[in-house]
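Heads up: the structure comes next, in structure tokens.
Nothing in this text is a laboratory measurement; each read-out follows from the coordinates by a stated rule. Quick caveat: nothing in here was measured; it's all calculated off a predicted structure. Here Cβ is always computed from backbone atoms with ideal geometry, including for glycine, and neighbour counts include all displayed protein chains.
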Amino acid sequence: MKLPKTRRVTPAVPLASMGDIAFLLTIFFILTSNFAKDDTRKIKPPTARELEQMEKQNVSVSIDSDGGMFFNGRPVASPATIEAGVAGFLTGKKDPKDRMVVFRCDQGVDKKVFEPVLAAISKAGGVIAAVGESSQPPARN
Amino acid sequence: MPFARRKEKRDLDIPTDSVSDIAFLLIIFFILTTTLSKLSGFTAELPSADASQKQAAATDTKTPGVQIAGGKLLFNEQEVSLDTLRDRLLDLQLGKKEGQEKVVMLEAAGAVDYQTYYQAMAAISAAGGVVAIVEEGE
């Protein structure tokens with residue numbers, strides 16, 4: 001009796017659509033990424049217990065450990081420039097959620113530097129979202 | 001007569017073999033540069049006041065005040081620890097109050113670092129208060 005020939009299936013992985021899948025993933029990452037505007041390497045954030053999670057905002061103001069001020073990642077000379085910049089961004093925005101300004105400041109910066117900046121954001125109509133790191137409450141006996 | 005050489009047919013296909021490699025390299029780049037961490041902090045809408053306004057507020061109504069001076073923390077001119085400040089602010093039940101009654105004056109004198117200031121602001125904010133920064137006069 002003649003036995004039927006068995007067809008051998010070659011174990012090849014179909015790679016034709018791999019490029020398409022990869023590009024779809026790339027598009028996903030491009031759309032969901034948030035590129036950091038600020039260089040936060042020189043900012044050691046303050047710590048506090050009572051912190052909550054915040055959403056990212058479009059406007060940010062930072063002060064690094066050297067006292068350098070930055071508005072949306074660009075160095076600025078004075079709080080007056082920050083005030084003008086923030087006011088420009090917030091024009092026509094009335095909802096407090098839309099008026100959020102992310103404020104990052106190094107924990108060692110002196111009041112003489114950060115207080116005028118806080119006042120400038122406030123004068124421009126911004127709601128300050130002060131960024132910090134959560135510290136655990138001490139264990140009570 | 002010699003015949004003209006046959007033109008070699010060139011392959012007009014775009015080489016796509018390495019496209020997936022390029023795409024995966026891009027994916028790796030985006031994975032590495034994406035920040036998945038969320039910001040933590042607190043939000044505060046700061047009405048600012050100068051020293052004279054603060055004095056008027058303190059005499060007219062009993063606006064609570066937090067002072068930071070010489071590395072010490074004071075609540076209504078009395079020295080307190082950060083934990084005591086939290087408790088005292090919670091006792092005021094600022095969350096249940098409205099308008100001007102929610103305001104807590106924050107005044108810093110001399111050299112004060114942002115860490116101390118931040119903790120005081122966070123405590124006021126967590127207690128439901130509205131921080132009013134008192135700027136030092138010239």
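Brief remarks on what is shown
- Positive contributions from Lys and Arg (+1) and negative ones from Asp and Glu (-1), summed over other residues with Cβ under 10 Å from the Cβ of B:SER40, come out at -1.
- Of A:LYS93/B:LYS96; A:LYS97/B:LYS96; A:LYS42/A:LYS97; B:LYS62/B:LYS96; A:LYS44/B:LYS38; A:LYS44/A:LYS111, those spanning more than 25 Å from alpha-carbon to alpha-carbon: A:LYS93/B:LYS96; A:LYS42/A:LYS97
- Sorting the segments B:109-121, A:77-89, B:88-100 by their residues' average number of neighbouring beta-carbon atoms within 10 angstrom, most packed first, yields B:109-121, A:77-89, B:88-100.
- Rg/Rh for chain A, where both radii come from Cα atoms and Rh is the Kirkwood radius: 1.38
- Pairwise FRET efficiency - A:SER135 versus A:ASP98, Cβ, R0 = 22 Å, nearest 0.05: 0.15
- Computed over the range A:1-131: relative contact order in percent, which uses C-alpha pairs under 8 Å that are six or more apart: 25 percent
- Among the residues of A:109-121, the average count of other protein chain beta-carbon atoms within 10 Å of the residue beta-carbon is 5.
- Over the C-alpha trace of the range A:52-132, radius of gyration and Dmax come out as 11.7, 35 angstrom.
- Long-range HN-HN contacts of A:GLN107 with modeled amide H, under 5 Å: A:LYS44
- Take each residue of peptide B:64-77, count the partner chain Cβ atoms within 10 Å of its Cβ, and average: the result is 0.
- Ellipticity at 222 nm from helices only: DSSP H runs of n ≥ 4 in chain A, each -39500 (n - 2.57), divided by the residue count, give -9000 deg cm²/dmol.
- The average projected area of the range B:73-138, computed from the convex hull of its Cα atoms over all directions, is 4.7 nm².
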